[in-house]
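Please treat every number below as a calculation from the coordinates, not as lab data. In this text, all values refer to a predicted model and were calculated from it rather than measured experimentally. Neighbour counts are summed over all protein chains in view; Cβ atoms, including those assigned to glycine, are modelled from backbone coordinates with ideal geometry.
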Amino acid sequence: MKPALATLAVVVLAMWGLKRYYADAPVDDLRWMLAPTARLVTASTGVQFERQDGEGYVSRARRFVIAKACAGINFMIAAFGMVAWTLRRRVRSAGAGAIVVAAGVLASYAAAVLVNAWRIVAALWLADHPLRLVPASQAHRVEGIACYFAGLVLLCELVRRIDTSLEGRAA
């Protein structure tokens, strides 16, 4: 099996495994994603969140919960696949494949925390400034789609630029 194909197979299996883990995990098992997100939201807004067993991270003052559905795991899965796909042509050996997988994991995790915090900051702002164009029940969903889409586009562009600059150095 060619190294690039083997690497993509590993990526797909990892994506599936993370999706299965997320589907079955209680919210307390997602602290690795929720805690840094809550800290970043607090640093950005001053809104304090505290961990509540079985619920996630709660701001009583704002009546807002960063719950399991807010973890950003689906974004991380999409970002991981996108990074691996973008870098697939770099895989010419098992070692290069391992580097692409590791880069994908690190980039997708960092992007998920940053984009998810950005999405929650936007949700907090929207709670104070409701849009009249979208029903309140749909505003959070539309805002999430817009933030996650923009995050994937920005991450893709960043990975492409880094890949291009590395290519230029190797030449």
Based solely on its DSSP helices, what 222 nm [θ] is calculated for the chain when runs of n ≥ 4 H residues each add -39,500 (n - 2.57) and the sum is averaged over all residues, nearest 500 deg cm²/dmol? -25000 deg cm²/dmol
Estimated FRET transfer efficiency when R0 is 30 angstrom, pair Asp29-Ala98 (beta carbons, to 0.05): 0.70
Beyond 28 Å, how much of the Cα-Cα pair distribution for the chain remains, as a whole percent? 31 percent
Segment 76-95-segment 1-60 distance, computed between alpha-carbon centres (Å): 20 Å
Tell me which trypsin sites (Lys or Arg not before Pro) from segment 84-137 have a DSSP coil assignment and no more than 15 other beta carbons within 10 Å of their own. Arg92, Arg132
7 Å from Cα along Cα→Cβ at both Ala6 and His129: what's the point-to-point distance in nm? 5.2 nm
